[in-house]
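The values are calculated or read from the model by the stated rules, or taken from the named source; none is laboratory data. Values in this document were obtained by computation on a predicted structure and should not be read as measured data. Every residue, glycine among them, receives a Cβ derived from its backbone with ideal geometry; neighbour counts consider all protein chains shown.
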Amino acid sequence: MPIEIVDAAQPRLAKGVRLQTDSATGKSVLLFPEGIVELNETAQEILSRCNGRTFNEIVRALTEEYDSDIAALAADVRETLTDLHQRKLIELI
(Lines give C-alpha, C1' and ligand atoms only; values in the text may rest on other atoms or scores of the structure.)
Protein backbone atom coordinates (compact mmCIF):
# COMPACT_ATOMS: atom_id res chain seq x y z
CA MET A 1 0.00 0.00 0.00
CA PRO A 2 1.49 3.36 -1.01
CA ILE A 3 2.36 5.81 1.72
CA GLU A 4 0.71 9.22 1.87
CA ILE A 5 3.23 12.02 1.45
CA VAL A 6 2.15 14.81 3.76
CA ASP A 7 2.83 18.47 2.96
CA ALA A 8 5.40 18.78 5.75
CA ALA A 9 7.35 15.66 4.73
CA GLN A 10 11.03 16.24 3.96
CA PRO A 11 12.06 13.86 1.18
CA ARG A 12 15.74 13.00 0.90
CA LEU A 13 17.82 10.46 -0.94
CA ALA A 14 18.02 7.13 0.84
CA LYS A 15 21.31 6.03 2.36
CA GLY A 16 23.70 4.91 -0.37
CA VAL A 17 21.78 6.67 -3.17
CA ARG A 18 23.47 9.47 -5.15
CA LEU A 19 22.07 11.91 -7.69
CA GLN A 20 24.59 12.66 -10.42
CA THR A 21 25.08 13.19 -14.12
CA ASP A 22 26.11 10.15 -16.17
CA SER A 23 29.42 11.05 -17.81
CA ALA A 24 28.67 8.97 -20.91
CA THR A 25 25.15 10.21 -21.65
CA GLY A 26 24.97 13.55 -19.81
CA LYS A 27 21.65 12.46 -18.28
CA SER A 28 20.76 12.69 -14.62
CA VAL A 29 20.81 9.36 -12.82
CA LEU A 30 20.33 7.90 -9.38
CA LEU A 31 23.13 5.55 -8.45
CA PHE A 32 22.56 2.98 -5.73
CA PRO A 33 24.30 -0.24 -4.68
CA GLU A 34 21.97 -2.45 -6.75
CA GLY A 35 22.02 -0.38 -9.92
CA ILE A 36 21.24 2.85 -11.69
CA VAL A 37 18.02 4.67 -12.60
CA GLU A 38 17.97 7.20 -15.43
CA LEU A 39 15.82 10.19 -14.50
CA ASN A 40 13.62 12.31 -16.68
CA GLU A 41 13.93 16.08 -16.36
CA THR A 42 10.95 16.32 -14.01
CA ALA A 43 12.31 13.76 -11.56
CA GLN A 44 15.74 15.41 -11.67
CA GLU A 45 14.23 18.83 -10.89
CA ILE A 46 12.28 17.36 -7.95
CA LEU A 47 15.22 15.41 -6.52
CA SER A 48 17.62 18.32 -6.82
CA ARG A 49 15.36 20.13 -4.33
CA CYS A 50 15.22 17.26 -1.81
CA ASN A 51 17.76 18.91 0.45
CA GLY A 52 15.87 19.52 3.67
CA ARG A 53 12.94 21.31 2.04
CA THR A 54 9.42 20.15 2.79
CA PHE A 55 7.11 18.77 0.12
CA ASN A 56 5.24 22.11 0.09
CA GLU A 57 8.48 24.09 -0.33
CA ILE A 58 9.55 21.88 -3.24
CA VAL A 59 6.17 22.34 -4.95
CA ARG A 60 6.24 26.13 -4.42
CA ALA A 61 9.78 26.41 -5.83
CA LEU A 62 8.86 24.37 -8.91
CA THR A 63 5.62 26.34 -9.41
CA GLU A 64 7.54 29.63 -9.38
CA GLU A 65 10.25 28.34 -11.71
CA TYR A 66 7.93 26.75 -14.26
CA ASP A 67 4.86 28.98 -13.84
CA SER A 68 2.54 25.99 -13.71
CA ASP A 69 -0.68 25.08 -11.93
CA ILE A 70 0.15 24.34 -8.29
CA ALA A 71 -2.45 21.57 -7.89
CA ALA A 72 -1.31 19.70 -11.01
CA LEU A 73 2.33 20.16 -10.09
CA ALA A 74 1.74 18.95 -6.51
CA ALA A 75 0.08 15.81 -7.88
CA ASP A 76 3.04 15.15 -10.21
CA VAL A 77 5.59 15.72 -7.43
CA ARG A 78 3.64 13.48 -5.03
CA GLU A 79 3.40 10.72 -7.67
CA THR A 80 7.13 10.91 -8.46
CA LEU A 81 8.16 10.87 -4.81
CA THR A 82 5.76 8.03 -4.00
CA ASP A 83 7.26 5.94 -6.81
CA LEU A 84 10.81 6.66 -5.65
CA HIS A 85 9.88 5.88 -2.04
CA GLN A 86 8.33 2.53 -3.03
CA ARG A 87 11.58 1.71 -4.82
CA LYS A 88 13.46 2.63 -1.61
CA LEU A 89 15.42 5.40 -3.37
CA ILE A 90 14.19 8.20 -1.09
CA GLU A 91 13.23 8.49 2.57
CA LEU A 92 10.68 10.79 4.14
CA ILE A 93 11.42 12.52 7.42
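At pLDDT below 95 and either hydroxyl-bearing (Ser, Thr, Tyr) or surrounded by 11 or more Cβ atoms within 10 Å (Cβ to Cβ) (or both), is that true of SER48? So SER48 does not fit the description; no.
If you check VAL59, VAL6, VAL17 for being of a type outside the set (Lys, Arg) and without any contact (Cβ under 8 Å) to a residue 40 or more places away in the chain, only one passes: VAL59.
Scanning the stretch 1-26 for residues that are surrounded by fewer than 13 Cβ atoms within 10 Å (Cβ to Cβ) and basic (Lys, Arg) yields a count of 2.
Quick one: is ASP67 surrounded by 13 or more Cβ atoms within 10 Å (Cβ to Cβ), over 13 Å from the mean Cα position of the chain (by Cα) and free of Cβ contacts under 8 Å to residues at least 40 places away in the same chain? Spelling it out, it is not the case that ASP67 is surrounded by 13 or more Cβ atoms within 10 Å (Cβ to Cβ), over 13 Å from the mean Cα position of the chain (by Cα) and free of Cβ contacts under 8 Å to residues at least 40 places away in the same chain. Residues in the stretch 78-92 that are of a type in the set (Val, Ile, Thr), out of contact with any Leu (no Cβ under 7 Å at 6 or more places or on another chain) and under 15 Å from ARG49 (Cβ atoms): THR80 alone.
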